[in-house]
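Asks: Sharing a structure here in C-alpha cells format.
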Amino acid sequence: MSTSTTGPDGRSSRWDEHRAVRRHELVEATLRAIRVHGAGVGMDEIAAEAGTSKTVVYRHFTDRAGLYTAVAERVDSTIIRDLTRAASASPTREGPPSAREVVRAVIAAYLALVEEDPEVYRFIVNAPLLPVGERPTGDVA
C-alpha cells in the first residue's frame, strides 16, 4: 500500500476566493441598487445593477434572506468602523475626552451615516426585500 502525500486541490481554494469576491461584488451592487431605486428595491433591479441574472445572485446567496443578511453585515461593519473612529477621536482640547464628548461624537457619527444613506438605513431597518415570514429572527440591524 502506498501512502501518497498530495496537497489539497488548488482549484477548490481558487473557487472559494472567486465566490468570496463575487459575493462582495453582489453586495456592493445591491447597495448601489438601493441607493438608485430606494429601500423597496427588487431582485430584478439588484441583478441589473450587478450586470447579471437573478439566478446568479441566488447561486451566491441561496435566497433573499441570505442577500439581506450579507448586506446587513456589510452595513454593520461600516457603522462599527465609523463609530469606533468617532469614539477614539481626539477632542479639540488637551487631555482625554469626557464620556459626554465620546457619546456625543458616536451619536453624531451614527446620525451622519443615516443622513448620508437614508435608503440603505430604511432597507436594513425595514427589510422590505423580505416578506414578513422570511425575515431573520433577532436584530440584524
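Asks: Suppose every K and R has +1 on its Cβ and every D and E has -1 on its Cβ; what is the size of the dipole of region 23-141 about the Cα centre, in Debye to the nearest 20?
Replies: Values: 14 positive and 17 negative charges, 32 e Å.
Value, rounded to 20: 160 debye.
Asks: Heavy-atom accessible area per residue, region 52-100, 1.4 Å probe: how many Å²?
Replies: Details: 3100 Å² over 49 residues.
Dividing the accessible area of region 52-100 by its residue count gives 63 Å².
Asks: Counting Lys and Arg as +1 and Asp and Glu as -1, what is the net charge of the other residues whose Cβ lies under 14 Å from the Cβ of Lys54? If you can, show how the numbers build up before the last one.
Replies: Numbers: positive: Arg59, Arg64; negative: Asp44, Glu45, Glu49, Asp63.
It works out to a net charge of -2.
Asks: Here is a follow-up. In terms of solvent-accessible area of protein heavy atoms at a 1.4 angstrom probe, what is the ranking of Glu49, Glu17, highest value first?
Replies: Numbers: Glu49 65, Glu17 125 Å².
From most exposed to least exposed: Glu17, Glu49.
Asks: Show me, bin by bin at 5 Å from 0, the whole-percent P(r) of region 26-73 based on Cα pairs.
Replies: 5, 26, 38, 26, 5
Asks: How big is the shadow of the Cα convex hull of region 51-108, averaged over all directions, in nm²?
Replies: Working: hull surface 23.0 nm².
Dividing the Cα hull surface by four gives the mean projection, 5.7 nm².
The values are calculated or read from the model by the stated rules, or taken from the named source; none is laboratory data. Since this is a predicted model, take the numbers as computed values, not measurements. Every residue, glycine as well, gets a Cβ built from its backbone with ideal geometry; the counts of neighbours run over all protein chains shown. Heads up: the accessible areas ignore ligands, DNA and RNA and are worked out on the full protein's heavy atoms, side chains in. Shrake-Rupley method; radii C 1.70, N 1.55, O 1.52, S 1.80 Å.
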